[in-house]
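The values are calculated or read from the model by the stated rules, or taken from the named source; none is laboratory data. Predicted model only: the values in this text are computed from it and were never measured. Neighbour counts are summed over all protein chains in view; Cβ atoms, including those assigned to glycine, are modelled from backbone coordinates with ideal geometry. Just the protein is used for accessible areas: all its heavy atoms, side chains included, with ligands, DNA and RNA removed. Shrake-Rupley method; radii C 1.70, N 1.55, O 1.52, S 1.80 Å.
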Amino acid sequence: MIRVLLADDQTLVRAGFRSILSDEDDIEVVAEAPNGEVAVAGAREHRPDVVLMDIRMPELDGLEATRRIAGDPRLDGVKVIILTTFDLDDYVYGALRAGASGFLVKDTEPAELIHAVRVVARGDALISPSVTRRLIAEFAGRVKRPEPGPRLNALTEREREVLTLVAAGLSNDEIAARLVLSPATAKTHVSRIMTKLAARDRAQLVVLAYEAGMITPGWLTT
């Protein structure tokens, strides 16, 4: 059973998401939160698998709430999906850097919402990787890039190649096909990269790759 916490300051939005998710046999909404403070407290109390987090909330916004959840070792298994408006939001890039696993627009189709929760819960991949890639490409140039840390130097040449493909939004199967590897080997490379870079998930790998200059905004694989 996938346990979900809904964090949004609009009661009707939470009710709508609850109605959609509660109809699924494998998803349970365990708590709701009208602001970031309550969301963080709820995450610590209920230990959900996934938090659907509105980016703009009173008292404590979704960005800081995400940072607190991602930075709490006790909540290591809790994944955060950021909820935003249709227009690309400056805060979303910061949320991905803070540890969010991806994002959804609030008017997403019910099937996409359900799929996103399942994908993030199992830790397989980014939500809508092509959209996430466009968002990061849009805002990466606005964020001051730190110098690449020593952790990147620990990557092998093959791992750097795999990281670049992860940043382009490719799945493990697609990476395997591109590099002529088995899917299991591609998955192992991704897991080792995440361990070496202390990344919670693939979303953070994308951010790290952009910030390190391994992939530039607008770059696409062919």
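Residues in the stretch 153-180 that are over 19 Å from the mean Cα position of the chain (by Cα), closer than 15 Å to Ser191 by Cβ and in contact (Cβ under 8 Å) with a residue 40 or more places away in the chain: Ala154, Leu155.
Of all the criteria given as (1) open to solvent by 50 Å² or more (accessible area, probe 1.4 Å); (2) under 16 Å from the mean Cα position of the chain (by Cα); (3) at pLDDT 95 or above; (4) not aromatic (Phe, Trp, Tyr), the one not satisfied by Val51 is (1).
Of the set (1) modelled with pLDDT of 90 or more; (2) open to solvent by 40 Å² or more (accessible area, probe 1.4 Å); (3) among the aliphatic types (A, V, I, L, M), all apply to Leu113 but (2). Does any residue in the stretch 113-133 that is part of a helix (DSSP H, G or I) come within less than 7 Å, Cβ to Cβ, of a residue that is at pLDDT below 60 six or more places away or on a different chain, and which pairs are these? Listed by first residue and then by second, the contacts come to Ala116/Ile127; Val119/Ala125; Val119/Ile127; Val120/Ile127; Thr132/Leu126.
Take Arg14 and decide whether it is farther than 17 Å from Ala203 by Cα, of a type outside the set (Phe, Trp, Tyr) and surrounded by fewer than 18 Cβ atoms within 10 Å (Cβ to Cβ). Considered against the rule, which asks whether it is farther than 17 Å from Ala203 by Cα, of a type outside the set (Phe, Trp, Tyr) and surrounded by fewer than 18 Cβ atoms within 10 Å (Cβ to Cβ), Arg14 comes out as no. Give the stretch 61-80 a look and list any residue that's outside any helix (DSSP H, G or I) and crowded, with 17+ Cβ neighbours inside 10 Å, or say none. Selection gives Asp61, Val78, Lys79, Val80. Looking across the stretch 86-101, the residues that are modelled with pLDDT under 80 and open to solvent by less than 70 Å² (accessible area, probe 1.4 Å) come down to Asp89, Val92, Tyr93, Gly94, Ala95, Leu96. Within the stretch 146-182, the set of residues being open to solvent by 70 Å² or more (accessible area, probe 1.4 Å), over 22 Å from Ser101 (Cα atoms) and at pLDDT 90 or above comprises Glu157, Arg158, Ala177, Arg178, Val180.
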